[in-house]
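Asker: Take this structure first; my questions come after.
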Amino acid sequence: FFFLRMSSTAFQPGHAEEEEDVVDLASFVSPLVDAISQLILCAVGESRAELTTHVQNVASFTNKVVLAAKDIALQSRDREIQRSITMAINKVAGGIEKLVISLTSFLKDSKNPEKQREFALATKSVGDHINELVVAADSTAITKILDAVADARDAQRRLFEASQVSIDDMVVAARFKAQCVKHLSEVVSTASSQTGDQKKARLLQESLGDTQASIGPLFRAMNELAAHPHDSSLKRRAEECLSITDEHYEKLCEAARIVPNYSQAFEDAYDYVRRLVELALSLQEASRNLLDVISDPNHTREMFLKAARQAAETAKRLIRQAELALERTTDPARRAQIRELIDQLREASAELIKAARAASADPNNPDLRRNVVEADKRLQALIQKMVALTSPDDEDAENKLLFTSQYLDGLMEQLCGRAADLSRQELLDFARRIVQASKTLAKDARAVAEQTADPKQRQEILDAVAEMESTCAEVVRAISALAENPGDPKLVARLKELKEKFNYAVHRVRAAAGLEELRHQKKVIDLSQRNEDPLVAAARRQAQEALALADEAEALAHGLRDPAKRRKVLEAVELLRSLAAKVLEAAQAAAENPNDPDLQRALDEAQQELNSAIRGVIMLTSEHEAALQRELELLEQAARMDEDDANAYLAAQDTMRLVRDFLSKLANMTPQELVACAKDIATRATELAKLLRRIASKIDPPENKQLLNCASLLRDRAIQVKMLAAVSAASGSTGDESGQVTSSANVLMKELTESVNVLRRAALKRRVKRTNKQTDQLRRVIAAWQAAREKQNV
């Protein structure tokens, strides 16, 4: 505390010494108050890390305030004001000396009520002395401002009177008025630069600006009145301008008379940390009391209203105290978290009162009471979160790390959810917020590392932080690239790939700190919506639902106490994720090669495997509820392959091969061979036509009509080939001398080719429809699974 000797040097009026450049009191009083407030917060919050810094700041700003006050005293011609400033300077120095002594004693025994009282009194005394110094320094300036305003008002009155006499008199009065306004401006500018109250300085400058702005209209009105002194409308206008200028003069006088109060700032600094914790405990108690009242079947309306009112009022006080904490917080990411948390506290407290009111009106309804319990749990969690985030930096570091990492996860989720639609500025804003939150997370993680006694864990935390910071840099580069070309699909996809990598890096920080169990890194699947093949889009939605189930099941697994079961669930989750990726890959291959039936069948098989993995995860994480079992059975039914599609495609291929073979050998066929082959073709084509009609009955227009038309034409063309072959054979000649059989067989070949094309289009639509049906059913399965778990928890 080396500054005591420097700041307590007595100042004797009239002893002008060689000084440095004149310093501005207004620039140093508020920083001194802030420095003392931070010193108090550091001590009361039991966070000693920055104590030396705050002490040095107090020393520096105290010295500057003393020098500035000495300059003002030396410039004053009023001996009484000089004596007042001298006494105030010495009181400030003495008060800070007592503050340091009480602080030293307080730090040795911060739980001692007497030491707390002495420290609180010392802080208030310093505030009073600073107030006294500022008031003393302001005394001369206040008098000068009030005198200058009086002169300006008197000049204004003379101007009005002169304007009604002659233009020459008005010009003389206007010149005098301008001189008074100029003098007033100089006096106010000097006073605003010398006052120690920055708010007062701002109000003085604002009032002066308004006053100066009103002078121009006033002069114009007086000039018009001087030209037409008997015009009543011009006189009223001049009077209105006088009134407006008078209002600004009055505001200027009010600003000059403001008396600062710095004592409250120190009292708030001392109290707000402890008051926030006390209010948090009070709200927890009020919330539980409200829950107890609701749980009592014999409670009265008066009992409920009293408990609800107490909870609501305590919540308001806690929110107000949290807003004060927000004002004092400088970390931008922490400020954003607290601001978000304040809104959530408002919603949660209102929701608790609303749920309690409904339960009180219908006390026998278990669902309404359950709503109250859930609302209370949410409020309690938010209260604990607020206490952690507003505590000193070196306290509750693990919870700070957890909450900041969750906030960072939320930022990335918001960014990737809207990335395709964000403007350049919005993307850059997200990048800035992510960098800020990453820095805060790194700071919290390093605080946890410093507190751990295990050197291995400490190094794991620091390594995880380094990886997180490196990945954050990649994310920022990706955001910057997207900001240069907003909406670019490839850049959006790249950002979403990095999201999974970054989320895992953040998870590693939590895991290294012992807040989560380390999991394997997820396989990245691009789930972005693009202009793509309908089958791939449908498979992508199916994979997305499966991955959502995997994420929820994984979170559930980490809460299991049985390590063997937890391992089984995590293994099932990893299998589910890999099969979701397999379905998407199979759909992409099938869409790129629609003529390959093996690839179509591979997609069907991959979807069946995925549904089997879904059943495995669900069976491991819930009771075997009947409703859930029914939904799973419906999912399996939705995934079953329709054999008609594959059979029809194979039948069409076989018939086409038979017709091609028939055409290649037709010229050398005997009559008997000709009739036999034509009959075989007709039989195959008729069977295919029946299969096409059966498929047509299962699908929607226009493919069903096209298939029916193909079936009819196939049957007719096949019968025609059979009849013409019989006629040709009856002539006894070899082959097809007339060429009619050949022509008819070629037409049949064209119809078969068209049938295959229509069949392929219909099969694709059916496969898309079947995939969408599986996705819809999977949503119902997940909903039933969640309901079964909630029932199990209750």
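The values are calculated or read from the model by the stated rules, or taken from the named source; none is laboratory data. Bear in mind that the values here come from a model prediction, so they are computed numbers and not experimental data. When we count neighbours, we look across all protein chains shown, and the Cβ atoms used for this are built from the backbone with ideal geometry, even at glycine. Heavy atoms of the whole protein, side chains included, go into the accessibility calculation; ligands, DNA and RNA do not. Shrake-Rupley method; radii C 1.70, N 1.55, O 1.52, S 1.80 Å.
Asker: Please give the net charge around residue 440, taking every other residue with its beta carbon less than 9 angstrom from that of residue 440, where Lys and Arg add +1 and Asp and Glu add -1.
Answerer: Local charge sum for residue 440: +2.
Asker: At a probe size of 1.4 Å, how large is the accessible area of residue 742, to the nearest 10 Å²?
Answerer: We get 50 Å² for residue 742.
Asker: Keeping all protein chains in place and using 1.4 angstrom, which order do 655, 104 fall into by accessible surface area, from largest down?
Answerer: Sorted descending by solvent-accessible area, the residues read 104, 655.
Asker: Given labels modelled 7 Å from the Cα in the Cβ direction, how far is it in nm from residue 83 to residue 653?
Answerer: The modelled label-to-label distance comes out at 11.5 nm.
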